[in-house]
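Please treat every number below as a calculation from the coordinates, not as lab data. Remember, predicted model here, so these are calculated numbers, not experimental data. We place every Cβ from the backbone using ideal geometry, glycine too, and count neighbours over all the protein chains shown.
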Amino acid sequence: MTKRLVTGLRGIEIGVPDLELAARFYAHTWHLAELTRRPGKVYFRGTGAAHHILTLTQSERADVRAIEFSVADVADLDTLAQSVVRYGGALVSGPAATTMPGGGTMLEALDPQGRVLRFIAGDRSHADTQSVKDRPIRITHVVLNSENVAAAQEFFENALGFTLSDRTRIMAFMRCSSDHHSIALADAQENTLNHIAFLMPDLDSVMRGGGRMNDAGYPVEWGVGRHGPGNNVFAYFLGPADFVIEYTAEVLQVDDTYRTGGPDDWKWPPGRVDQWGVGRAPSERLKTAQKTIFFRLPQADQIER
């Protein structure tokens, strides 16, 4: 088995226009734990080992600042830096010690479609990792809309060492760990955020979380259901600033023996959009929100090509 440079999805940083409203939501309604604050930023952890999985940043509009990945060895960051440039990306900063909470050494890069990616090694992790009912453990995947999925897939495979798990008619599911997918690339007309998926301990927690969200005025926008690729149960919601967020559980665990599936492997009966076919179909509000949040690019003078 070839050594993976990127060993897992660590977290995401998003920009929100109302920082305090979003912070209250993710702590009290979504059930993350606020970890610490910096000027204009709030950091949250799940119940898993990752130091923090969500960073909220004060912003004039909703945007994505970066997707963060774990790297096992600091030396691998230099290899990643060379690989990113070789396959059409650009360097923003590092590898260098980061001032983010949790520490470690970080490489920040830009992929060919303008997404900011951070790779972090040597950061601190939490020892108290017992899962708690109805609380997210970690972020298990981020789905990205792409105007050229083939090119994006090629970059994630060749530059970052991801593996294609499945390709449906509209989406490529990519893995960097035992999770069936950590990144999925959706065919689209724009390079935007599709959604962020938070892993819950079990199906019961997804259901209870859905009820809690509904009670708080955030109805299920799609689901509850079970996906095909990944076999995970899901419920989708719109959080503050219309970020599409998902509670999920029972994500399929795979290894190098997994057979990569194609579109013919993932067909449903007419009108069906998941395995069960009993939950709510995606709302129009959800489908609109999945197209509207872009990545915030670094200043041009920060980018090394």
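Some values worked out for this structure:
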| quantity | calculated |
| --- | --- |
| Relative contact order %, the chain, counting alpha carbon pairs below 8 Å whose residues are six or more apart | 18 |
| Charge tally in the Cβ shell below 13 Å around Phe237, where Lys, Arg are +1 and Asp, Glu are -1, Phe237 excluded | -1 |
| Highest-MSF residue in the chain out of Ser182, Ser70, Ser59 [GNM, Cα springs under 10 Å] | Ser59 |
| Reciprocal mean inverse distance between Cα atoms of region 138-293 - Kirkwood radius, Å | 15.9 |
| DSSP bridge orientation in the chain - percent antiparallel, rounded to nearest 5 | 75 |
| For region 232-286 and region 80-135, distance of Cα centres in Å | 26 |
| Antiparallel %, DSSP beta bridges [both residues in region 1-64], to 5 | 70 |
| Solvent-free Debye scattering, log10 I(q)/I(0), computed from the Cα coordinates of region 117-174 at q = 0.13, 0.21, 0.24 Å⁻¹ | -0.54, -0.95, -1.05 |
| Filter on Lys3/Lys133; Lys133/Lys287; Lys267/Lys291 - keep pairs with C-alpha separation over 32 Å | Lys3/Lys133 |
| Built amide H within the under 5 Å cut-off of Gly46, gap 5+ | Ile53 |
| Sites Lys287 and Leu21, calculated FRET efficiency, Cβ-Cβ separation with R0 25 Å, nearest 0.05 | 0.55 |
| Alpha-carbon centroid distance for the pair region 190-211 / region 1-38, whole angstrom | 13 |
| Peptide ranges 261-271, 284-294, 220-230 listed from the most packed, as the mean C-beta count within 10 angstrom indicates | 220-230, 284-294, 261-271 |
| Fewest-first ranking of Phe25, Phe173, using other Cβ atoms within 10 Å as the exposure measure | Phe25, Phe173 |
| Semi-axes of the equivalent ellipsoid for region 1-147, Cα gyration tensor, largest first, Å | 25, 19, 14 |
| Which of Val278, Val85 has the fewest Cβ neighbours within 10 Å, and the rest in rising order | Val278, Val85 |
| Under-5 Å amide H pairs with Ile12, H placed in peptide plane, nonlocal only | Leu54, Thr55, Glu68 |
